[in-house]
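Each remark here refers to the structure printed beneath this line.
The values are calculated or read from the model by the stated rules, or taken from the named source; none is laboratory data. Source: prediction; values computed, not measured. Glycine also receives a Cβ, built like all others from the backbone with ideal geometry; neighbour counts cover every protein chain displayed. The area values use the complete protein model at the heavy-atom level, side chains included, leaving out ligands, DNA and RNA. Shrake-Rupley method; radii C 1.70, N 1.55, O 1.52, S 1.80 Å.
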There are 2 protein chains.
Amino acid sequence: MTVKLVVLYTLPDDPDAFDEHYLGTHVPLVSAIPGLQRAETGPLVTALDGGERTYHRIAELYFADQDALGAAFGSPEGQATAADYQKIAPPGSRMFIAHVDD
Amino acid sequence: MTVKLVVLYTLPDDPDAFDEHYLGTHVPLVSAIPGLQRAETGPLVTALDGGERTYHRIAELYFADQDALGAAFGSPEGQATAADYQKIAPPGSRMFIAHVDD
């Protein structure tokens, strides 16, 4: 059962500086995580429900299963990514594990 | 530029009934939407940030670009999907358009 880490970044004070760090520093850290099958990210541009655009960016990291995800974030590369996340994630950012239906 | 509709369903009163309707009725409606390139859905099982598991399910619908997404939801199949969404989405559910970075 493929699982994914779903990260929802809230609106940064300086979106351009955030994206520069995210794409230039964070993405390379993510890419080095062992067991990562695929990563997808992009900016949230519109709230279609008429509510607030609560989140600035979504990121999804795919792993073969929950054990692979756990091992990934136990690795030095995973720890470095988590440390960088703590540095950049605006308050209220969310992080979930989701199963991926076939 | 690929775009995706990101839907975050909040926790339903009856998760089993929700999933039954979602998988049995809503997914077939989604699958019929013209221009849909890919759809991915799955339950959110854990809030890794220590916060509430605010959302029960994530769904992502991929389109070639913003125009294709607009045309899709202007179609009868898109309208039928939107009507079913209104029927099943628990209060506070969110819907965003995201760009997908290369």
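Would a scan of the range B:86-98 turn up a residue that is touching a Lys or Arg at 6+ places or on another chain (Cβ under 6 Å) and either of a type outside the set (Val, Ile, Thr) or surrounded by 15 or more Cβ atoms within 10 Å (Cβ to Cβ) (or both)?
yes
Would you confirm whether any residue within the range B:86-94 is in a strand (DSSP E or B), within 10 Å of another protein chain (Cβ to nearest Cβ) and of a type outside the set (Val, Ile, Thr)?
Yes, the range B:86-94 contains at least one residue that is in a strand (DSSP E or B), within 10 Å of another protein chain (Cβ to nearest Cβ) and of a type outside the set (Val, Ile, Thr).
For B:Thr81, indicate whether it is touching a residue at least 12 places away in the same chain (Cβ under 8 Å) and more than 8 Å from chain A (Cβ to nearest Cβ).
Against the criterion (touching a residue at least 12 places away in the same chain (Cβ under 8 Å) and more than 8 Å from chain A (Cβ to nearest Cβ)), B:Thr81 qualifies.
In the range A:44-77, what residues are open to solvent by less than 30 Å² (accessible area, probe 1.4 Å), more than 12 Å from chain B (Cβ to nearest Cβ) and not in a loop (DSSP other than H, G, I, E, B)?
The initial filter retains those residues of the range A:44-77 that are open to solvent by less than 30 Å² (accessible area, probe 1.4 Å), namely A:44, A:47, A:55-63, A:68-69, A:72, A:75.
Of the ones still in play, those that are also more than 12 Å from chain B (Cβ to nearest Cβ) are A:63, A:68, A:72, A:75.
The answer is A:Phe63, A:Ala68, A:Ala72.
Which ones in the range A:23-38 are open to solvent by less than 60 Å² (accessible area, probe 1.4 Å), small (Gly, Ala, Ser) and either within 13 Å of chain B (Cβ to nearest Cβ) or in a helix (DSSP H, G or I) (or both)?
Result: A:Gly24, single match.
Considering the range A:14-34 alone, what residues qualify as being within 21 Å of A:Gly70 (Cβ to Cβ) and either in contact (Cβ under 8 Å) with a residue 40 or more places away in the chain or of a type in the set (Phe, Trp, Tyr) (or both)? Give the steps one after another, and end with the answer.
First, the residues of the range A:14-34 that are within 21 Å of A:Gly70 (Cβ to Cβ): A:26, A:29-34.
Answer for the range A:14-34, where residues must be within 21 Å of A:Gly70 (Cβ to Cβ) and either in contact (Cβ under 8 Å) with a residue 40 or more places away in the chain or of a type in the set (Phe, Trp, Tyr) (or both): A:His26, A:Leu29, A:Val30, A:Ala32, A:Ile33, A:Pro34.
Would you point out which residue out of A:Asp19, A:Asp102 is among the acidic types (Asp, Glu) and open to solvent by less than 50 Å² (accessible area, probe 1.4 Å)?
Of the residues listed, the single one that is among the acidic types (Asp, Glu) and open to solvent by less than 50 Å² (accessible area, probe 1.4 Å) is A:Asp19.
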